[in-house]
Amino acid sequence: MVIHNPETGKKMGIGAFKKSAASIQSDFELRLKAYNDLRSKGLVVKTGFKYGSHFRVYDGDPSSHHSKYLVHAVPYDYETSWPEISRAVRLAHGVKKDILFGRVSRTQVDYVRLRRVRP
């Protein structure tokens, strides 16, 4: 894969690209680790922007499969509030998906799946 600087048109190495991306999106490396982990599991990963998450994930071809999960990459020691959890779960439920928080450490990504359950 060849990466070109959008301003100059010159080729960029992967290190320069990551540095540039991190200057624009501070959690770029975190998201990249989660993305690579999901891809290594054979999943198809697309943007989750319109759903308020980092990714939407498919078990197969997006044209013939419904995505099951929205994935939001977070640092391993991430702490949040219940209202934020509630918003994420309700939004995912509204589009018939579960929300996964991908807890990213230096060596792995662990996933916490949350979904709405009605008694």
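Here, each number is a calculation from the coordinates, and none is a lab measurement. Only a predicted model underlies this, so the values are computations on that prediction, with no experimental measurement involved. Glycine gets a Cβ as well: all are built from the backbone with ideal geometry, and neighbour counts include every protein chain shown.
Each stretch of four or more DSSP H residues adds -39500 (n - 2.57); spread over every residue of the chain, this sum gives -9500 deg cm²/dmol at 222 nm. Measuring between alpha carbons in the structure, the pairs from 19/41; 19/68; 33/68 lying more than 24 angstrom apart are 19/41; 19/68. The H on the amide N of residue 98, modeled in the peptide plane, is under 5 Å from the matching H of 69, 70, each at least 5 residues off or on a different chain. Label separation (residue 85 vs residue 16): 4.5 nm, computed from points 7 Å beyond Cα along the C-beta direction. Relative to the dominant Cα principal axis of the chain, helix 28-40 is inclined by about 70°.
Under 17 Å of direct C-alpha separation, and excluding same-chain neighbours fewer than eight residues apart, residue 96 reaches these aspartates and glutamates: 59. Computed over the chain, relative contact order equals 17 percent, with contacts defined as Cα pairs under 8 Å that lie 6+ residues apart.
Against the chain, whose longest principal axis is taken from its Cα atoms, helix 82-94 shows a tilt of about 90°.
Tell me, what is the FRET efficiency for residue 116 and residue 59 to the nearest 0.05, using R0 = 25 angstrom and their Cβ-Cβ distance as r?
0.75
Rule-of-thumb check for the chain: C-alpha Rg over 2.2 N^0.38 Å? Don't jump to the answer; show the numbers that get you there.
On the way: Rg = 16.0 Å, N = 119, 2.2 N^0.38 = 13.5 Å.
The reported ratio for this selection is 1.18.
For the range 23-47 versus the range 64-119, the inter-centroid distance based on Cα atoms is 15 Å. Between helix 14-24 and the chain there is an angle of about 60 degrees, using the helix long axis and the longest principal axis of the Cα atoms.
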